[in-house]
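Let me begin by presenting the structure, written as structure tokens, before commenting on it.
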């Protein structure tokens, strides 16, 4: 990660922590709505990779706020909206994973931490792999958007694949997060639902599985079997 | 982000896949080579199917030993250039099984740890696609619990004496030499006291007994060692450091494109059989498979890049293997659920589907079982 992006992420961590109680105001005050505005126009001049990195943090810290839509601004197209949700889901899933690990390492039953049971270890490994898939898919979609100069139509293949893969992961990951937390994770008081609730909403928003599977399936069928492989490798 | 206590954890470190040189040109060269051997392509689970003639042709074309130095017959290419070549071979279902282990891990290991004699004896032949190797890890009492190996190496005045037995050794009957993990220190326990040896498969006292698999095919074997005599130079690396050396190989073994592409020829056949305007249900399933394939490839590319950068991607490699094996394993059953393929149907799609339905259980066993791999991931998460 570039030094500039690392600094940006540090700022995002601090600002989104304030935004937990104060809402969108500190995010706007810090100038995050200028992230994608070119430097020549007085903006931050960030790229889609920067946006992905920032929205990961937003997804973890303030999943209830529409940070991505505020940063991109204007009318949000479905592909851009899908990209935003993939990025936020990447962060929210990593945060829910961290909460789950912390919980099973703390909660004791049968005289030992839940995390010492192989059954628990194995499902959390599945969770981690799903979170990893979303993070990698999102970063690759951001790279495709950068390559396309922000033209979502040119990056449609990657966005479709990333959103569809994210939707699949959300189903598995939220189930495992709740399962390992037991009853406490099902309470209003405990914070897990602040991540899993938005994650489940994002699965429907800006295209559910059926929408993106149809679109991506049509692209693949049109390319043919070998043509699909050529396209996947050509895109990088 | 790493190193800053404030910043968020990330489940997977992402490295950009950026091979040097003209990647499109390299890809085109591999595809042109494959076009010349079209009759041999389309093999399911192709990296366990050996064809020495194909391996020699690959060697002659400069596609083996790509990362080895020129003085041993290699081509001094970048590891990520090699990645481009092997993913093209696998996607086409090329029969790369004969040389696969030698090119992937034995040659780099010999280069790194082997004696001068071993380098001269084996590396040029590996680069030509003429010398094949197998890996001697599992034993009857040491499967997932690899540290339980009992096959022994005893130092004598004439050289090392190997006694014991390996099992599930893929391709032993087609190989020229085995890289074996054995106990060189008498009375040692678990992962201490192990060393690696190169054992010629024609050595006196070595016996190979085939094990026929449930598909009726002969891939794996039992290999017996009855006081097999080896010269001093056959030991690889440092005496007693075999465990560290052998487990370091595993990242090479676990994150490659062979961990998600074993069934790729079936996906190709499914899409071709569906045609450009498939019915909605088939179109949607193809879309899902495409999203999973694309994501897995991105994960594998990133892991290869991390490995090439000199970092240890043990957890990422395990994630690629776990997810990739599940994908390639489920693929034939997903096709079966989708397409009407009665057992009497005999076209490409049906033939590939049936072959892979039978082969698929092995995908999450070989190279470390799913449960062992998930245990490694759990350790990376701080749960063990």
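Among the candidates A:117, A:127, the residue that is crowded, with 24+ Cβ neighbours inside 10 Å and more than 8 Å from chain B (Cβ to nearest Cβ) is uniquely A:127.
In the list A:234, A:188, A:203, which residue meets the criterion of being more than 12 Å from chain B (Cβ to nearest Cβ) and free of Cβ contacts under 8 Å to residues at least 12 places away in the same chain? When all the criteria are applied, what remains is A:188. Filtered by the rule that a residue be part of a helix (DSSP H, G or I) and under 11 Å from the mean Cα position of the chain (by Cα), segment B:87-116 gives B:97, B:99, B:100, B:101, B:102, B:103, B:104, B:105, B:106. Against the conditions (1) more than 12 Å from chain B (Cβ to nearest Cβ); (2) assigned to a helix (DSSP H, G or I); (3) surrounded by fewer than 16 Cβ atoms within 10 Å (Cβ to Cβ), residue A:71 satisfies every one except (3). Across segment A:140-153, which residue is nearest to the other protein chains (Cβ to nearest Cβ) among those that are assigned to a helix (DSSP H, G or I) and touching a helix residue (DSSP H, G or I) at 6+ places or on another chain (Cβ under 6 Å)? So, considering only residues that are assigned to a helix (DSSP H, G or I) and touching a helix residue (DSSP H, G or I) at 6+ places or on another chain (Cβ under 6 Å), the one nearest to the other protein chains (Cβ to nearest Cβ) is A:140.
Taking residue A:162 as the residue in question, decide whether it is at pLDDT 95 or above, within 14 Å of residue B:293 (Cα to Cα), in contact with a helix residue (DSSP H, G or I) (Cβ under 7 Å, 6 or more places away or on another chain) and within 11 Å of chain B (Cβ to nearest Cβ). For residue A:162, the condition - at pLDDT 95 or above, within 14 Å of residue B:293 (Cα to Cα), in contact with a helix residue (DSSP H, G or I) (Cβ under 7 Å, 6 or more places away or on another chain) and within 11 Å of chain B (Cβ to nearest Cβ) - is met. Against the conditions (1) in contact with a helix residue (DSSP H, G or I) (Cβ under 9 Å, 6 or more places away or on another chain); (2) over 17 Å from residue B:338 (Cβ atoms); (3) within 14 Å of chain A (Cβ to nearest Cβ), residue B:263 satisfies every one except (2). So residue B:349 clears everything in (1) within 13 Å of chain A (Cβ to nearest Cβ); (2) in a helix (DSSP H, G or I); (3) under 27 Å from residue B:255 (Cβ atoms) except one condition, right? Which one? Only one criterion is unmet by residue B:349, namely (3). Within the option set A:81, A:59, being within 14 Å of chain B (Cβ to nearest Cβ), surrounded by 15 or more Cβ atoms within 10 Å (Cβ to Cβ) and in a helix (DSSP H, G or I) holds for one residue only, A:59. Scanning segment B:126-152 for residues that are touching a helix residue (DSSP H, G or I) at 6+ places or on another chain (Cβ under 9 Å), more than 19 Å from residue B:50 (Cβ to Cβ) and part of a strand (DSSP E or B) yields a total of 2.
For segment B:366-384, a residue qualifies if it is touching a helix residue (DSSP H, G or I) at 6+ places or on another chain (Cβ under 9 Å) and more than 11 Å from chain A (Cβ to nearest Cβ), and the qualifying residues are B:366, B:367, B:368. Scanning segment A:101-134 for residues that are farther than 30 Å from residue A:162 by Cβ and in contact with a helix residue (DSSP H, G or I) (Cβ under 7 Å, 6 or more places away or on another chain) yields a count of 5.
The values are calculated or read from the model by the stated rules, or taken from the named source; none is laboratory data. Quantities reported herein were computed from a predicted structural model and do not represent experimental measurements. Backbone-built Cβ (ideal geometry, glycine too); neighbour counts: all protein chains shown.
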